[in-house]
Amino acid sequence: MPEDAILAALRWQDAIDTDRVDWSAFTAWLESDPAHNQAYDEIAQIDRLLRQRRRAIGAGTAVARKIVGHRNHRPCPSDAGSSRY
């Protein structure tokens, strides 16, 4: 995959996410080269996965804050190289 196609796909994804997209120009770019379509599909898929994971990470972070904030919290074995366990 050409790096310039990937970089352009990233710019298009950002424009779409921030409602700054010129849909006619985007469509023309997609149609001008099959590599553009492939690059955009890959970037869009990565973006979807990141959005899904952010929600999961956010939920996990909220739970972790409750646990860490609990008075009886004990660090897990991997915390700062703890050898208490």
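Summary of computed values
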item	result
Members of the range 1-53 that are free of Cβ contacts under 8 Å to residues at least 40 places away in the same chain, of a type outside the set (Asp, Glu) and not in a helix (DSSP H, G or I)	Pro2, Thr18, Arg20, Val21
Residues that are open to solvent by less than 90 Å² (accessible area, probe 1.4 Å), over 15 Å from the mean Cα position of the chain (by Cα) and of a type in the set (A, V, I, L, M, F, W, C), drawn from the range 1-11	Ala5, Ile6, Leu7, Ala8
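A quick yes/no check of all residues on (1) at pLDDT below 65; (2) surrounded by 10 or more Cβ atoms within 10 Å (Cβ to Cβ):
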| position | (1), (2) |
| --- | --- |
| Asp19 | no, no |
| Ser24 | no, no |
| Ala28 | no, yes |
| Ser32 | no, yes |
| Tyr40 | no, yes |
| Ala44 | no, yes |
| Asp47 | no, yes |
| His70 | yes, no |
| Ser83 | yes, no |
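The values are calculated or read from the model by the stated rules, or taken from the named source; none is laboratory data. No experiment lies behind these values; they were computed from the predicted model shown. Virtual Cβ from ideal backbone geometry, glycine too; neighbours counted across all protein chains shown. What goes into the accessible areas is simple: the full protein's heavy atoms, side chains included, and nothing from ligands, DNA or RNA. Shrake-Rupley method; radii C 1.70, N 1.55, O 1.52, S 1.80 Å.
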